[in-house]
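Read the figures in this text as sums done on the coordinates, not as results from a lab. Here the structure is a predicted model, which is why all the values come from computation and not from measurement. Cβ placement follows ideal geometry from the backbone for every residue including glycine, while neighbour counts extend to all protein chains displayed.
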Amino acid sequence: MNMFHEALLLLRRIRGEEARSLQVRLFAFFALFGIALVGGGFLLLTSTGLFNAAERRHTTWLDAETRHLQSNISDDFNRLSLRGVALARTIASDISLWTERNGITEDEIAARPDVIENILLEEARELIAVLENNICSGVFIIFDDAHNTTSSRAGLYFKRTEPNNMTAIPSKTYCLRGPASVARANKAELIGQWRAEFDISDAAFYGKALETARQNNGLDVSRLYYWSARHLMEGDSEHSIRLCIPLVSRNGTIYGLCGIEVSAMLFKNLYTPNSTEYPRAFAVFAPLRGGSIDTEAGLLAGNSYLASRTNGLLFAESPSRAHFRRRPDAWSGNDNVVYTGRMEKLAFYPTGSPFAGEAWALAVLMPLNDWENAARQSRILSYALLAALLLASFFAAVFVSRRYIRPVVSALELLKTDNRTSLPKTRITEIDDLLKYLTALDDERKSLDAEKESLTAELEEAKRRAVPPENSEEVPADISASAAYKEFRRNLETLTISEQAVFNLYMKNFSAQQIANKLFVSINTIKFHNRNIYSKLGISSLKELKIYVNIMKETKDRE
């Protein structure tokens, strides 16, 4: 409060008519400097758009997170595609070898359950190896029986549970579909939703993958793999998308499908956006339907509550960062949330694939309100920092001016006194040097005054005793015979040529600066010669030198 009161008093004095003290001037300088600095900073931040730096930082995070997830998903799913194709080739080759060894035709396999069970028993190890060594949640084989009019199909489906935040259940392999004997032989636990066969009545991926393979007979399986839309299998607990690859023999017979599954839980664990500022940010991996994201056919990774709000088509205003909203026909009640984010297309199918026209996309999204609130909070923080800086500069001006001026004022007050020997240290180099210089000048002045008085008295005494008779031209004997004078004259012979030149100009009443100009040397050189002359002649100052010079002139005039 005292500092604030003092600041008010200083402001009042600044507005007054009377002369302003050094402290007031210094306070005004620092205060205006602080205001100018903050004002300049504000103009700079405004003109360069730095107030929007927070939004650009958020945009940078969004772009980087999207590219990061896009790269990871693209690498992981393409790797799964290659592994699935290799699995299909291995299983198809094993089936062909098995039929040759057992003397049956490839067309008979689907119609003989005993044969299928033996084949599944041999291929179970291959499926489990794929499940355990790849980023996936399930693997399967489904045999096709073109003559079977029912929706049941023989096959094998192994799943692996994923740990989550709600339970501490470790990862474990279960059998969801297939012969119980095969599951037991491979130590896969049968869960309550287990079925011996597949029901393909609600499995659109099965029919699409097989039909496409039949229509493109002769095309390599590396061009026939297919990523299905999200699907919930009967008895399963979570949605999944599946990589489906046809099992094609060497003679073109299609045994059925094999594939790899990626569950919603696995996708969430792997690809949830990493952000503390946007806890409701989420990633969508789904097919594109005419420029819109079909979230109902894809997987989401992020806050679980968003899943129920984003079902259906999310309309994107542009292919880059934009606003996304659900189509009007997908809205439910008052749920009209607008999302903002960035979307990137993903290419999963090679050139020549019949599925090459089916595009998938990854989008990193968040509610638009979250984005705007984060940007607004960052701007408020910037304004608050500027205001705090302005206030801090004001109090700093009061503090600095008061602390800095106090020793200066004290020193100036002490300079008004004659006693400078007891001047305290101000801890300001320039002030302390000035006080030291002034003290030295005082000491030198007192010393010179004492010498002058002594020499003047001595000279006057010599003159008094050596006054020549009236009309006499002879030099008084006592002056000529003075021991100090004779010593001075003898010492003149010890001067160097340069020192003699300086001394001669002193004899002509030249000043030190005039001598420097006359001899074309610096004043420091003259001072150097002066010190040597004083030392050789046995004198201590220029004043004493001039006294002897005057004696020499008077003596010369009389001679």
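Explain nothing, just compute: Karplus ³J(HN,Hα) = 6.51 cos²θ - 1.76 cosθ + 1.60, θ = phi - 60°, for every residue of the range 504-515 in order, whole Hz, x for Gly and Pro.
Residue by residue, the range 504-515 yields 4, 6, 5, 4, 8, 6, 7, 7, 4, 5, 5, 5 Hz.
Going down the table (Lys486/Lys553; Lys486/Lys536; Lys527/Lys553; Lys508/Lys543; Lys436/Lys543), which pairs top 18 Å between alpha carbons?
The answer is Lys527/Lys553; Lys436/Lys543.
Measuring from label point to label point, each 7 Å out along Cα→Cβ, what is the Glu132 to Asp199 span in nm?
Rounded to a tenth, the inter-label distance reads 3.2 nm.
Take peptides 234-246, 270-282 and line them up by average Cβ neighbours within 10 Å, highest first, as a rough protection proxy.
Taking the mean over residues of other Cβ atoms within 10 Å, the ranking is 234-246, 270-282.
Whole-Hz ³J(HN,Hα) for each residue in the range 244-255, computed from phi via Karplus 6.51 cos²θ - 1.76 cosθ + 1.60 with θ = phi - 60°, x for glycine and proline: what do you get?
10, 10, x, 8, 10, 7, 5, 8, x, 5, 9, 6
Take a quick pass over the range 67-268 and tell me how many lysine pairs come in under 21 angstrom between Cα atoms, counting only ones 8 or more apart or on separate chains.
5
Roughly how big is the range 186-238's charge dipole about its Cα centre, with Cβ charges of +1 (Lys, Arg) and -1 (Asp, Glu), in debye to the nearest 20? If you can, show how the numbers build up before the last one.
Details: 6 positive and 9 negative charges, 55 e Å.
The calculated dipole for the range 186-238 is roughly 260 debye.
Under a 5 Å amide H to amide H cut-off, with H placed in plane at 1.01 Å, what residues pair with Ile191 once short-range neighbours are removed?
HN-HN under 5 Å from Ile191: Cys175.
Which order do the peptides 256-262, 351-357 take when ranked by the mean count of other beta-carbon atoms within 10 Å per residue, highest first?
The peptides rank, most packed first, as 256-262, 351-357.
Taking 0.36 nm per intervening residue step and subtracting the Cα-Cα distance, what contour gain separates Ala86 from Thr150 on full extension?
20.0 nm
By per-residue mean of other Cβ atoms within 10 Å, what is the highest-first order of 83-96, 64-77, 489-502? Show your work: numbers first, answer last.
Working: 83-96: 19.4, 64-77: 16.9, 489-502: 14.3.
Per-residue Cβ counts within 10 Å, averaged per peptide and sorted highest first, yield 83-96, 64-77, 489-502.
Each residue of the range 528-538 in order: what ³J(HN,Hα) in whole Hz does its phi give by Karplus 6.51 cos²θ - 1.76 cosθ + 1.60, θ = phi - 60°, with x for Gly and Pro?
Result, rounded to whole Hz: 4, 5, 4, 4, 5, 5, 4, 5, 6, 8, x.
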